[in-house]
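Trainee: Take this structure first; my questions come after.
A short reminder: the numbers here are calculations on the coordinates, not readings from a lab. Only a predicted model underlies this, so the values are computations on that prediction, with no experimental measurement involved. Note: ideal-geometry Cβ built from the backbone for every residue, glycine included; neighbour counts use all protein chains shown.
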Amino acid sequence: MNQGKPGEVTRGNCKEKIKESVWDKALKQLEDTARRINIEPGALEILKVPRRCLVVSVPIRRDDGQIEVFTGYRVQHNFTRGPAKGGIRYHPDVTLDLVKALAMWMTWKCAVVNIPYGGAKGAVACNPKKLSPSELERLTRRYTSAILPIIGPEKDIPAPDMGTNAQVMAWIMDTYSINQGYSVPAVVTGKPIEVGGSLGRDKATARGCLYTVMDAAKKLDFTLEERTMAVQGYGNVGRNMAELSTGQGCRIIGVSDINGGLYNPKGIDITRLSRYVDEAGTVFGFTDADSITNAELLELECDILVPAAVEHQITEKNAPRLKARMIAEGANGPTTSEADEILDDKGIFVIPDILANAGGVTVSYFEWVQGIQAYFWSEREVNLRLREVMERAFEDVYRLSQKEKVSMRQAANMLAVSRVAEACRLRGLYP
Ligand code: GLU
């Protein structure tokens, strides 16, 4: 195997071009879906455009006294089924087009698991690893105050995404609450337990993803015991997926992060690896495994591949070489439309992102409900309810895919867009 070089990731040559096409892909998916279902042309026109896009400048004072101005976004794609919902991403490469696509996908994600929300997404173009904790706090509070007029427990409820965490959510909750004059825990989800977070929220995306893998395994007639898994990304989703799947008897033969990947056909000791990552901040350099690149990780011979990093990792270039039997999309939009067709032809069972990673927003919904009622559930209750929601959503999508003879992705999109379009039809157009 080649040595993975620090900083090496498979993203193609032109970053801007790739991000542009994420929005194109989201639109194309919607148009393709609309052709397959009975949707009014007017409803399609409405759904193609986000309801609101807010772009803000976020000036902060760096620790050295200099002022730096960052760009922040909050896009609300849809409110028809309830308040808008979606995470906030801190990443240097975000653009308005990317945030628009991610917001649209949140609308479909909430509809596919049938929770009463529309979709939104927020972002600040920054590298959070290059900010000190106090700079990160100032950035978060200033960004929150800039988007404050459009968020709220009944309007739009942010949550963590790539580059943000429970602490960032606590600062958002505090900034919003100070401005209201009283505590408003339900303005944001993914908070620390101490300030109204839900038990089970931190691992919920991975847990939901694992539930969909378990349901898919049943349909494909195999058990998870001794199955091989490769996980791209070792953040909240990838790491918890590796840990939880090990608990189900899976053998994790490959993992990676932005710095490169690891491969051990006998199985990587995930407990040791996670301890190593806590210290080193990366999987890179872990012994007891060979170094591989991110590109090689995706092409490993394995039963289950979990892309849990950024969008557009599985492309028409590497899709023909993928050897996994099943792909569970922990990330949002990891597969390009061209790659999708190739995976379909190869007979790889793909659990699409809006289903596979919907566990996070589902437990966010539980957190919001618990916060509004000021009545908190046990972790067991949270996980049982999550199991119920994921099982029903998987079954709904699977049945539709069988009935209409379409892929799981097309079925998930058809189900989601139909639900939103029907809500649009029932509410009618004002005035
Ligand atoms: N950022 C996560 C996602 O993409 C969670 C969103 C939420 O909990 O609102 O699904």
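Trainee: Once amide H atoms are built 1.01 Å from N in the peptide plane, which residues 5 or more positions from residue 86, or in another chain, come under 5 Å H to H?
Mentor: Answer set, sorted by chain and number: 120, 157, 159.
Trainee: Using the Karplus curve 6.51 cos²θ - 1.76 cosθ + 1.60 with θ = phi - 60°, what ³J(HN,Hα) values do you get for each residue of the stretch 182-196, in whole Hz, with x for Gly and Pro?
Mentor: Rounded to whole hertz, the list is 7, 6, 10, x, 6, 6, 8, 10, x, 7, x, 4, 4, 10, x.
Trainee: Still on this structure, I have one more. Determine which aspartates and glutamates satisfy two conditions relative to residue 100: a Cα distance under 20 Å, and not lying fewer than 8 residues away in the same chain.
Mentor: Within the straight-line limit of under 20 Å, residue 100 reaches these aspartates and glutamates: 16, 20, 24, 31, 32, 45, 156, 161, 311, 329, 353.
Trainee: Ranked highest first by the average count of other Cβ atoms within 10 Å around their residues, in what order do 337-349, 98-110, 419-431 fall?
Mentor: Working: 337-349: 15.7, 98-110: 28.2, 419-431: 13.5.
Order by mean packing, descending: 98-110, 337-349, 419-431.
Trainee: Another question about this same structure. Can you give me the long-range amide H partners of residue 292? Hydrogens built in the peptide plane at 1.01 Å from N, cutoff under 5 Å, separation of 5 or more residues or another chain.
Mentor: Residues meeting the amide H criterion: 4, 261, 262, 263.
Trainee: Additional query: In the stretch 196-236, how does Rg compare with the Kirkwood Rh, expressed as the Rg/Rh ratio over alpha carbon atoms? Please report the intermediate quantities before stating the final value.
Mentor: Numbers: Rg = 12.8 Å, Rh = 12.0 Å.
Ratio value, two decimals: 1.07.
Trainee: Apply the Karplus curve 6.51 cos²θ - 1.76 cosθ + 1.60, θ = phi - 60°, to the phi angles in the stretch 271-281 and return the couplings in whole Hz, x for Gly and Pro.
Mentor: Per residue, the Karplus-derived 3J(HN,Hα) values read 4, 5, 4, 5, 5, 4, 5, 4, 7, 8, x Hz.
Trainee: May I ask you to evaluate 6.51 cos²θ - 1.76 cosθ + 1.60, the Karplus curve with θ = phi - 60°, for each residue of the stretch 410-415 and list the ³J(HN,Hα) values in order in whole Hz, giving x for glycine and proline?
Mentor: Result, ordered by residue: 5, 5, 4, 5, 4, 4 Hz.
Trainee: For the chain, what ratio Rg/Rh do Cα atoms give with a Kirkwood hydrodynamic radius?
Mentor: Working: Rg = 20.5 Å, Rh = 21.7 Å.
Looking at the chain, the ratio lands at 0.95.
Trainee: Quick one: which residues, 5 or more positions from residue 350 or on another chain, have an amide H under 5 Å from its amide H? H modelled 1.01 Å from N in the peptide plane, none for Pro or chain starts.
Mentor: Sorted by chain and number, the residues that satisfy this are 327, 408.
Trainee: Separation of the stretch 75-107 and the stretch 237-305 by C-alpha centroid, Å?
Mentor: A separation of 29 Å, based on Cα centres.
Trainee: Please give, to one decimal in nm, the separation of the simple spin-label points placed at residue 219 and residue 179, each 7 Å out from Cα toward the Cβ.
Mentor: In this crude label model, residue 219 to residue 179 measures out at 4.3 nm.
Trainee: Please go through the residue pairs 109/219; 203/346; 129/191 and name each one whose alpha carbons sit more than 25 Å apart in this structure. Please report the intermediate quantities before stating the final value.
Mentor: On the way: 109/219 22 Å; 203/346 32 Å; 129/191 20 Å.
Pairs exceeding the cut-off: 203/346.
Trainee: Would you kindly work out the equivalent ellipsoid of the stretch 217-331 from its C-alpha gyration tensor and give its semi-axes, the square roots of five times the eigenvalues, largest first in whole Å?
Mentor: 20, 17, 12
Trainee: Which order do the peptides 55-68, 386-399, 268-281 come out in when sorted by mean C-beta neighbours inside 10 angstrom, highest first? Show your work: numbers first, answer last.
Mentor: Values: 55-68: 12.5, 386-399: 19.2, 268-281: 14.6.
Packing order, densest peptide first, comes out as 386-399, 268-281, 55-68.
Trainee: Which value does Rg/Rh take for the stretch 323-384 over its C-alpha atoms, Rh per Kirkwood?
Mentor: On the way: Rg = 16.6 Å, Rh = 13.8 Å.
Dividing the radius of gyration by the Kirkwood radius yields 1.20.
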